[in-house]
Amino acid sequence: MALKSKLVSLLFLIATLSSTFAASFSDSDSDSDLLNELVSLRSTSESGVIHLDDHGISKFLTSASTPRPYSLLVFFDATQLHSKNELRLQELRREFGIVSASFLANNNGSEGTKLFFCEIEFSKSQSSFQLFGVNALPHIRLVSPSISNLRDESGQMDQSDYSRLAESMAEFVEQRTKLKVGPIQRPPLLSKPQIGIIVALIVIATPFIIKRVLKGETILHDTRLWLSGAIFIYFFSVAGTMHNIIRKMPMFLQDRNDPNKLVFFYQGSGMQLGAEGFAVGFLYTVVGLLLAFVTNVLVRVKNITAQRLIMLLALFISFWAVKKVVYLDNWKTGYGIHPYWPSSWR
């Protein structure tokens, strides 16, 4: 009886070990299958970024056993928000693809299968957005192999880290995963066929260009071009256009009280709309053109009466333009600018 009991215990132990080994091999095969599928999906993308949806997130993250043999860096996108330039989603997506391609180019061995770059789009993956707790874009998350709670445990890239684009993303990956992304390899601006076509056109056009230069018949010899360029640069300078470009200021705003009304002039010294700069630049340009006309053209007019009338008209228009600029400055800043009159004139 004792022998029979020992035999039963031995058989039970063998069955338990067998089931454990079988489960272990099954999990190993499952992880290997997921890894191979990710590699296959990555190979179909030009930059190596895998397009996932709710089913893919469930398959490779929530349903996969932990620890997983891979990490996923997920870029969250929304096509309907691409028109909002302040979010820079399209630019960040391109930079994300550059980091992915650079990682693949610099990690051809087993290191390349430890991290996969993925993207999910809001219209096709709303459940995944809720699963990660994403409620604002741009957004990038790193899911490490041992993470099971995607909302609270996955690493989020800070908003301030987007300033250096691909370089910032690469630093984020290297700090969190201890993997080496390597040098960022940006695609050239022109492909080899395009460069070849440009060189051929230059070679063909060179004799004709030299001939026109010797005759003085090029566009650079046209005084009207230089005059137009000088006026444009003057307007560009006095209109504060560089300020608008650097700070990405809008031309106008929508009135908060009346959505159908547009605001072209914003009261307050802390903000300048593009329309304000163009209006002031136009007034300054008018004054500058009148000054150039008076000093270069009007002095050649032989009729004294005509000279005086045109001079008075130019002075009147210039006075009106400067007065409008001063009025706008007073209205925006609240500081009064007034002329100084000698006490004997009062």
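Can you tell which of Ile204, Ile233 is without any contact (Cβ under 8 Å) to a residue 40 or more places away in the chain, closer than 30 Å to Ser318 by Cα and of a type in the set (Val, Ile, Thr)? Only one candidate passes the filter, namely Ile233.
Taking the range 91-108 as the range and being of a type in the set (S, T, N, Q) and loosely packed, with under 15 Cβ neighbours inside 10 Å as the test, only Asn108 passes.
Conditions (1) touching a Pro at 6+ places or on another chain (Cβ under 6 Å); (2) farther than 18 Å from Leu52 by Cα; (3) exposed (fewer than 14 other Cβ atoms within 10 Å of the Cβ); (4) not aliphatic (A, V, I, L, M), marked per residue:
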site	(1), (2), (3), (4)
Ser110	no, yes, yes, yes
Arg151	no, no, yes, yes
Ser154	no, no, no, yes
Leu165	no, yes, no, no
Gln175	no, yes, yes, yes
Gly182	no, yes, no, yes
Gln185	no, yes, no, yes
Pro188	no, yes, yes, yes
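Across the range 227-247, a minimum of one residue is classified as touching a Gly at 6+ places or on another chain (Cβ under 7 Å), among the hydrophobic types (A, V, I, L, M, F, W, C) and part of a helix (DSSP H, G or I). Based on this model, can you work out whether Ser125 counts as modelled with pLDDT under 90, over 23 Å from Gln175 (Cα atoms) and crowded, with 19+ Cβ neighbours inside 10 Å? Answer is yes for this residue.
Restricting attention to the range 261-294, the residues that are within 20 Å of Ile233 (Cα to Cα) and assigned to a helix (DSSP H, G or I) total 20. Residues in the range 252-263 that are out of contact with any strand residue (DSSP E or B) (no Cβ under 6 Å at 6 or more places or on another chain), at pLDDT below 75 and surrounded by 10 or more Cβ atoms within 10 Å (Cβ to Cβ): Gln254 alone.
Mind listing whichever residues of the range 125-160 are touching a strand residue (DSSP E or B) at 6+ places or on another chain (Cβ under 8 Å), among the hydroxyl-bearing types (Ser, Thr, Tyr) and within 13 Å of Phe76 (Cα to Cα)?
Restricting attention to the range 125-160, the residues satisfying the condition of being touching a strand residue (DSSP E or B) at 6+ places or on another chain (Cβ under 8 Å) are 125, 128-129, 132, 134, 137-145, 150, 154-157.
Within this subset, residues satisfying the condition of being among the hydroxyl-bearing types (Ser, Thr, Tyr) are 125, 128, 144, 154.
Passing the criteria: Ser125, Ser128.
Taking the range 78-192 and the helices (runs of 4 or more DSSP H) fully enclosed by it, the elements with 1 or more residues that are of a type in the set (D, E, K, R) and more than 28 Å from Leu35 (Cα to Cα) are at 89-106. Only one of these is modelled with pLDDT under 50, farther than 17 Å from Lys114 by Cα and either among the hydroxyl-bearing types (Ser, Thr, Tyr) or assigned to a loop (DSSP other than H, G, I, E, B) (or both): Ser58, Ser45, Ser26. Name it. That would be Ser26, the only listed residue that is modelled with pLDDT under 50, farther than 17 Å from Lys114 by Cα and either among the hydroxyl-bearing types (Ser, Thr, Tyr) or assigned to a loop (DSSP other than H, G, I, E, B) (or both). Taking the range 152-177 as the range and being over 23 Å from the mean Cα position of the chain (by Cα), of a type outside the set (Val, Ile, Thr) and modelled with pLDDT of 85 or more as the test, the residues that pass are Gln175, Arg176. Out of curiosity, is Gly281 closer than 22 Å to Pro250 by Cβ and surrounded by 13 or more Cβ atoms within 10 Å (Cβ to Cβ)? Considered against the rule, which asks whether it is closer than 22 Å to Pro250 by Cβ and surrounded by 13 or more Cβ atoms within 10 Å (Cβ to Cβ), Gly281 comes out as yes.
On the basis of being more than 21 Å from the chain's Cα centre (by Cα), surrounded by 13 or more Cβ atoms within 10 Å (Cβ to Cβ) and in a helix (DSSP H, G or I), does Arg224 make the cut? I'd like the intermediate steps shown before the answer.
Working: more than 21 Å from the chain's Cα centre (by Cα): yes; surrounded by 13 or more Cβ atoms within 10 Å (Cβ to Cβ): no; in a helix (DSSP H, G or I): yes.
In short, no.
The values are calculated or read from the model by the stated rules, or taken from the named source; none is laboratory data. A quick note: this is a predicted structure, and the numbers were derived from the prediction, not measured. Cβ atoms come from the backbone with ideal geometry, glycine included; neighbour counts cover every protein chain shown.
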